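*Asks:* One structure follows; several queries about it will come next.
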């Protein structure tokens, strides 16, 4: 109740500022086409050829992988060298998506407390 009165006092300018920020954030979503909910890592490996120098410490690599969890199971996927930049970019895009979701949630909670979340967004 107290917050609702404060929201009324702040007036429609605060409400419009919040809604404009929400629109701006949501407009970023189409710019995140490569997003990957994964972790990126590199590792060295040994092969199956017993005479290979990798068995004496000269391991192969580094080779890049992403680890992604789907259906509660983690899977590691090899990332070819030509795709490493795109994979890292996809992970950054996922982090941006999470930041957008967090901020939009905060905005919507403020609008909810102010009693105006269900009102149509005129923008």
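*Asks:* Taking the criterion of being touching a residue at least 24 places away in the same chain (Cβ under 8 Å) and surrounded by 13 or more Cβ atoms within 10 Å (Cβ to Cβ), would at least one residue in the range 67-75 satisfy it?
*Replies:* Yes, that holds for at least one residue.
*Asks:* Among all residue pairs at least 6 apart or on different chains, which show Cβ distances below 9 Å where the first residue, located in the range 81-97, is farther than 14 Å from residue 64 by Cα and the second is part of a helix (DSSP H, G or I)?
*Replies:* That search, which allows pairs on different chains as well, returns 93/31; 96/31; 97/29.
*Asks:* Would you tally the residues in the range 34-46 being in contact with a strand residue (DSSP E or B) (Cβ under 8 Å, 6 or more places away or on another chain), in a loop (DSSP other than H, G, I, E, B) and either modelled with pLDDT of 90 or more or within 30 Å of residue 96 (Cα to Cα) (or both)?
*Replies:* 2
*Asks:* Right, here's the next one. Check residue 55 against each of (1) at positive phi; (2) assigned to a helix (DSSP H, G or I) and name the one condition it does not meet.
*Replies:* Every listed condition holds for residue 55 apart from (1).
*Asks:* Farther than 16 Å from residue 22 by Cα and at pLDDT 90 or above, is that true of residue 86?
*Replies:* Yes; evaluated as a whole, the condition is true for this residue.
The values are calculated or read from the model by the stated rules, or taken from the named source; none is laboratory data. Here the structure is a predicted model, which means the values were calculated and not measured. With ideal geometry, Cβ positions are generated from the backbone for all residues, glycine too; neighbour counts draw on all protein chains shown.
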